[in-house]
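Scroll down for the structure; my scribbles are underneath it.
The values are calculated or read from the model by the stated rules, or taken from the named source; none is laboratory data. Every value quoted in this text rests on a predicted model; they were computed, and no experiment measured them. Note: ideal-geometry Cβ built from the backbone for every residue, glycine included; neighbour counts use all protein chains shown.
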């Protein structure tokens, strides 16, 4: 089953897709909003009927349904149009162009391609590593250090740990 279809199976509880894909804050907000409104709806309808005035039960139920619909719609939109797998071919093409430009000494073209990759997928450790190397090559150690540290924070950045540590050691202390 393709990765994007597996993500869509998580759409049944708002926020799961966002948490799974690295958008923890948004995911927790959506899950809490839906869970809170669903719990209020259940409590108002079946547990504490006399506590809530008439009409509140329907309001909470409607709000829970709307929260689910909005969250599901956003998730489906994100998976179809914004998921990094959707851009995989374009990212691969841009990365090859960036490497070619880097090897030919066309630094600005390479930087532009790498930034285009990161605009599509800001968790691309390979692009961050290449961009950090580019900053080192063009005598921009502050940007290189920041980019390398950003790469290390990513799960995929672990494969570059040794190279990044060597580059940071060559740059010296901050």
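Just a few scattered comments:
- Selection status of residue 136, surrounded by 17 or more Cβ atoms within 10 Å (Cβ to Cβ) and either without any contact (Cβ under 8 Å) to a residue 60 or more places away in the chain or over 17 Å from the mean Cα position of the chain (by Cα) (or both): yes
To keep it simple, each residue is scored yes or no on (1) loosely packed, with under 13 Cβ neighbours inside 10 Å; (2) in contact (Cβ under 8 Å) with a residue 24 or more places away in the chain.
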| residue | (1), (2) |
| --- | --- |
| 65 | no, no |
| 71 | no, yes |
| 76 | no, yes |
| 92 | yes, no |
| 95 | no, yes |
| 98 | no, yes |
| 101 | no, no |
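- Within the stretch 155-174, considering residues that are surrounded by fewer than 17 Cβ atoms within 10 Å (Cβ to Cβ) and closer than 20 Å to residue 118 by Cβ, the one farthest from the chain's Cα centre (by Cα): 163
- Per the conditions (1) surrounded by 17 or more Cβ atoms within 10 Å (Cβ to Cβ); (2) modelled with pLDDT under 95; (3) in a helix (DSSP H, G or I), the sole criterion not satisfied by residue 131 is (2).
- Helices (runs of 4 or more DSSP H) fully within the stretch 6-118 counting 3 or more residues that are in the same structural domain as residue 155 (by TED's automatic domain parsing) and under 30 Å from residue 133 (Cα atoms): 88-103
Results for (1) surrounded by fewer than 15 Cβ atoms within 10 Å (Cβ to Cβ); (2) modelled with pLDDT of 85 or more, shown as yes or no for each residue.
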{"position": "4", "(1), (2)": "yes, no"}
{"position": "14", "(1), (2)": "no, yes"}
{"position": "18", "(1), (2)": "no, no"}
{"position": "27", "(1), (2)": "no, yes"}
{"position": "30", "(1), (2)": "no, yes"}
{"position": "35", "(1), (2)": "no, yes"}
{"position": "45", "(1), (2)": "no, yes"}
{"position": "57", "(1), (2)": "no, yes"}
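- Number of residues in the stretch 78-90 that are under 17 Å from residue 114 (Cα atoms) and free of Cβ contacts under 8 Å to residues at least 24 places away in the same chain equals 2.
- Yes/no for residue 143 being surrounded by fewer than 18 Cβ atoms within 10 Å (Cβ to Cβ), touching a residue at least 24 places away in the same chain (Cβ under 8 Å) and within 27 Å of residue 23 (Cα to Cα): no
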